[in-house]
Amino acid sequence: MTLITFFKNFLSTSFLLALSWLVTAIPLQAQRLPLSENLTSLLSPEGQTLLQNSKAQADYIPLMSQFVTQANGAFCGVASAVMVLNALEIPATVPSPWAQRYFTQDNIFNEKTEEVIPRSVITRQGMTLAQLSDLIATYTVEVKTFYGSDINLDQFRQIIRENLANDNNFVLINYLRRAIGQKRGGHISPIAAYNEESDQFLILDVSRYKYPPVWVDTETLWASTNTIDQVSQKTRGIVLISPPSLL
Ligand code: CA
């Protein structure tokens, strides 16, 4: 092989590799939607600095170690519940394919959860705040629910911040996406950290194919819970989940 032939082959191979990367990368990149200016991605340098300077991030690592993508468009609450139950090391009652006690977005359902809300209904329309709370409460945890309409901005900030400073309990938030500048309807995900200086919370969005984890300012996030869910005709809000007797 001459030197010229070698470089021709090398360039050809490099070009094909680059092309194959583009073919596979573009669709994946295109799936995530752009963020509005008021939101900061955790993947950005600014977002990572906010996390480094957070003084209430005890929940971040336990949640990250259990971070899952919602299995379908209506399973944001199911995925969020699975993350929290696994982070609390609550034993699953139905064995999973991988481990006897591990929760999945399949084995979380059982006779008790069917009584609260049938899986078929969740698959069709997702869950309201009360249904999410009641589904999680079928397991050996304590659950406390706050509707956005029942707590003011300061209470909202204080309740979540206190929880985020303790790694033995967790917060799920039910909010309206378009109220924080995202597309589009009601959504549920865990909150993982609070940055005091900027007064922002970090949402670990379980629609990982759609948005990265984002920092949202407290007032915007509180307002997004103070919106009416058309199914319940009540506002959205937050759910705190703890092991028994720790609330
Ligand atoms: Ca906590």
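A compact table of results
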quantity	calculated
Cut-off of 10 Å, at most 15 other beta carbons, DSSP loop: longest stretch of the chain lacking such GluC sites (Glu not before Pro)	90-195
Cut-off 11 Å between beta-carbons: net charge of the residues surrounding G186, Lys and Arg +1, Asp and Glu -1	+3
Contact order normalised by residue count of the range 40-242, Cα under 8 Å, 6+ apart, percent	28
Members of K183/K234; K144/K234; K144/K210 lying beyond 23 Å, as alpha-carbon distances in this model show	K144/K210
Acute angle (nearest 10 degrees) that the helix 3-31 long axis makes with the longest principal axis of the chain, alpha-carbon atoms	20
Rounded tilt (10° steps) of 153-164 against the dominant C-alpha axis of the chain	70
Gyration tensor verdict on the chain (Cα atoms; rounded if a/c is under 1.5, prolate if a/b is larger than b/c, oblate otherwise)	prolate
Segment K144-S198, extension gain: residue separation times 0.36 nm, minus the distance between their alpha carbons	16.7 nm
Vicinal HN-Hα couplings computed from phi for the range 219-231 (Karplus, 6.51 cos²θ - 1.76 cosθ + 1.60; Hz; Gly/Pro x)	5, 5, 5, 4, 4, 6, 8, 8, 10, 7, 7, 5, 6
Simple Cβ-charge dipole of the range 40-242, Lys/Arg +1 and Asp/Glu -1, about Cα centre, in debye nearest 20	640
For the range 164-203, diffusion coefficient by Stokes-Einstein and Kirkwood Rh (Cα), 10 °C, 1.306 mPa s, µm²/s	141
Nitroxide proxy distance, nm - points 7 Å out along Cα→Cβ at N53 and T93	4.7
Amide H partners (placed H, <5 Å) of A193, local residues excluded	L202
Whole-number percent relative contact order across the range 43-99, with pairs defined as alpha carbons under 8 Å at least 6 apart	26
Length-normalised contact order of the range 84-161 in % [C-alpha pairs under 8 Å, at least 6 apart]	18
Within the accessible area of the chain (1.4 Å probe), percent carbon and sulfur	56
Cβ-derived FRET efficiency at R0 25 Å, K234 paired with K183, nearest 0.05	0.60
Among T145, S245, F156 - extreme Cα towards positive end, dipole of the range 123-247, charges at beta-carbon	T145
Choice from S65, S41, S133 showing the highest fluctuation, given a GNM over the chain with Cα pairs closer than 10 Å	S65
Interchain or long-range residues, amide H under 5 Å from V214's placed H	L42, I203, D205
Karplus-derived HN-Hα couplings along the range 178-191 (A = 6.51, B = -1.76, C = 1.60, θ = phi - 60°), whole Hz, x at Gly and Pro	5, 6, 10, x, 10, 9, 8, x, x, 8, 9, 7, x, 9
Karplus 3J(HN,Hα) series, Hz, for the range 62-78 with 6.51 cos²θ - 1.76 cosθ + 1.60 (x for Gly, Pro)	x, 6, 4, 6, 10, 5, 10, 8, 4, 6, 7, x, 10, 9, 4, x, 5
Per residue, in Å², the accessible surface of the range 95-142 once ligands and nucleic acids are set aside, probe 1.4 Å	54
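The values are calculated or read from the model by the stated rules, or taken from the named source; none is laboratory data. Treat the numbers as computed from the prediction; the structure is a model and nothing was measured. Heads up, the Cβs are rebuilt from the backbone with ideal geometry, glycines too, and the neighbour counts pull from every protein chain shown. Accessible surface areas use protein heavy atoms only, side chains included; no ligands, DNA or RNA. Shrake-Rupley method; radii C 1.70, N 1.55, O 1.52, S 1.80 Å.
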